Every structure is written in C-alpha cells, then in structure tokens.
Amino acid sequence: MELHVLIVDDSPAMRSFIRRVLELSGLKVGRCLEASNGEEALRVLESNWVDAVLTDINMPQMNGEELLRRMSGHEVFRSIPVLVVSTDRTEGRIRKMLTLGAKGYVTKPFTPEMLREELEHSLGVIHGTE
Amino acid sequence: MEPNEIQGALASAVEEVLETMCFAGVLASAEGSAPPEADGVEPALAAELRFQGNPSGGFRVGASMRLARVVGAGFLGREEMEVTDTQAGEVVCELANMICGSVLSRLESEAAFQISHPELTPPGQGASCAVAAASRWFDLGDGILTVSLELQQTV
C-alpha cells in the first residue's frame with residue numbers, strides 16, 4: 001500500500017530533502033504533498049487525504065504547534081498521524097508536541113532509517129498495531 | 001561555559017550535520033575564522049540567525065558559492081551543476097539552522113531556545129556576530145566552511 005504524505009516546512013530545501021529521504025528509506029511513497037507553513041498545510045488537507053503529516057515547528061504565519069492544535073480540534077484531521085521533524089531537541093519541547101497530539105518526533109539531522117522507524121511507529125500508534 | 005567545550009560542540013555538530021544530511025566529510029578543522037593560508041577572503045554566502053534563551057546569541061555559517069553548490073548537491077541529491085544559486089542559499093540557511101540547534105543542545109541540553117529563521121547576509125556584513133565567542137573553519141576538500149557563535153550572556 002502506498003503512503004501519501006504532507007511535508008510542512010518553510011525551507012524548500014528541507015522539503016526536498018525529506019521527500020528524497022522518504023524514497024531512500026524504502027517506504028512505498030505515493031503522493032508527496034508540500035506546504036510551507038501550518039496555514040497552507042490546513043488548506044492542502046481540506047482537499048487532499050494523506051496518511052501522515054511531517055511538520056517542522058518553527059515556521060512563519062502558522063507554526064507547527066498551532067498546526068497540531070488545529071488538527072487535534074478538527075473532526076477529520078485529528079485522525080491523521082503527525083510526525084514532528086525539528087532541530088529542537090529539548091525535552092520540554094518534545095513533551096509539549098507529543099501532548100498536543102504528535103505521534104512521533106524526529107530531530108534534525110536524521111538518517112533515512114531514523115525517519116522510517118519513527119514514521120512507522122507513528123502509523124502503528126494510530127492504527128493500534130503496537 | 002569553557003572555550004574548549006564550545007569548540008568541541010562546534011566541531012561535533014558540523015561533522016554530524018554534514019555527514020548525515022549532506023553526505024560530506026571534514027578533512028581538517030581548527031579554531032579561527034579561516035585557515036592561515038586563506039588571506040582573509042570573505043565567504044560568498046553567509047547565513048545568520050539569532051537565538052533566545054539562556055544563553056542568547058547569534059550563529060553564522062559561511063561558504064564559497066562553489067562549496068555551497070557541492071554541499072547543496074549532496075543535500076538535495078542532485079548534480080552540482082543542477083543546484084541553482086537560490087537552492088545553494090537555502091541549503092546554507094538550513095545548515096545554519098541544524099548546526100546551531102545541534103550546538104545549543106550539546107552546550108545546554110536542558111535549556112529551551114527560540115531560534116529565528118536563518119537569513120542570508122551580504123558578505124562582510126555579519127554585524128550581529130561580529131564579536132564571536134567562538135569561530136571554527138572546516139576544510140571539506142571543495143572549500144572552507146566557517147561557523148561562528150556569539151553569546152550575549154553566560155550561565
């Protein structure tokens with residue numbers, strides 16, 4: 001089964017990198033949509049179904065925290081697993097994002113294996129396969 | 001925070017980010033803003049950001065356009081000649097973001113930081129990092145990458 005994902009990051013270079021790493025990781029990636037901030041991500045989700053959202057935290061207009069809050073409060077979007085991909089490694093931040101509804105957290109820099117493992121974990125959590 | 005500790009954090013962070021994200025290795029590195037033989041040539045591309053926390057400060061990464069293209073090619077999975085100037089700049093900004101995050105977590109693993117969006121600055125205009133607490137250069141074979149960290153307050 002193909003995995004459709006939405007990558008949310010204000011850096012086009014980082015979005016390209018994540019897309020490539022997903023392909024390198026061995027996951028069968030289908031549609032790979034992109035958004036440069038939380039606001040744009042919500043608009044993309046209004047008209048596209050994805051299996052997972054990978055989001056940065058520090059973004060202009062709407063950051064990753066607010067995106068998580070909005071998704072958690074949305075009847076449909078709350079069921080989409082969110083994986084946070086950020087340079088912030090502080091425990092407090094990781095705990096906060098997980099409390100807000102993120103299913104996983106990957107810190108930059110990361111290897112394809114690390115991203116795959118955390119993404120599969122996030123998908124497993126939401127599908128109750130753990 | 002000891003100078004040796006900062007130098008160690010800079011070296012480890014740069015090596016980790018380059019190896020993991022750009023598939024590039026460091027041939028040599030040392031304290032200072034450039035190798036002795038570099039004649040003070042300013043890097044063509046420099047990205048700078050600010051961070052708030054304890055401590056607060058600034059961080060800057062510089063590279064020649066050629067090196068930025070080489071590193072960008074590794075990061076984006078493209079050929080060097082396919083990497084545009086814009087993409088090279090984006091990759092240098094992203095390097096600044098990741099290296100700074102990694103350095104701060106090595107120096108203050110428990111502290112929370114707010115890191116600003118990295119921005120490209122014209123060569124020779126790194127005013128906010130003019131008084132660097134620590135600078136280090138890295139020879140990647142295709143050019144020199146420089147990093148500098150400015151701290152406004154110490155713990």
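Details
- On the stretch given as the range A:69-106, residues that are in contact with a helix residue (DSSP H, G or I) (Cβ under 8 Å, 6 or more places away or on another chain), without any contact (Cβ under 8 Å) to a residue 40 or more places away in the chain and among the polar types (S, T, N, Q) total 4.
- Output for the range A:54-69, where each listed residue is of a type in the set (D, E) and part of a loop (DSSP other than H, G, I, E, B): A:D56
- The residue of the range A:40-59 that is surrounded by the most Cβ atoms within 10 Å (Cβ to Cβ), among those that are without any contact (Cβ under 8 Å) to a residue 40 or more places away in the chain and farther than 21 Å from B:C93 by Cβ, is A:L45.
- Scanning the range A:60-96 for residues that are within 13 Å of chain B (Cβ to nearest Cβ), farther than 22 Å from B:V103 by Cα and exposed (fewer than 13 other Cβ atoms within 10 Å of the Cβ) yields A:P60, A:Q61.
- Elements of type strands (runs of 3 or more DSSP E) in the range B:4-113, at least 2 residues being within 10 Å of another protein chain (Cβ to nearest Cβ) and out of contact with any Phe, Trp or Tyr (no Cβ under 7 Å at 6 or more places or on another chain): none
- One residue stands out in the range A:1-36 among those that are over 18 Å from B:Q87 (Cβ atoms) and part of a helix (DSSP H, G or I): the one that is farthest from the other protein chains (Cβ to nearest Cβ), namely A:L22.
- Residues of the range B:66-93 satisfying the condition of being polar (S, T, N, Q) and crowded, with 24+ Cβ neighbours inside 10 Å: none
- Within the set B:A24, B:A96, B:A63, the sole residue that is crowded, with 18+ Cβ neighbours inside 10 Å and at pLDDT 95 or above turns out to be B:A96.
- Top-ranked residue of the range A:39-53 - restricted to ones that are of a type outside the set (F, W, Y) and not in a helix (DSSP H, G or I), ranked as farthest from A:T107 (Cα to Cα): A:N48
The values are calculated or read from the model by the stated rules, or taken from the named source; none is laboratory data. Small disclaimer: the values here were computed from a predicted structure and weren't measured. Glycine also receives a Cβ, built like all others from the backbone with ideal geometry; neighbour counts cover every protein chain displayed.
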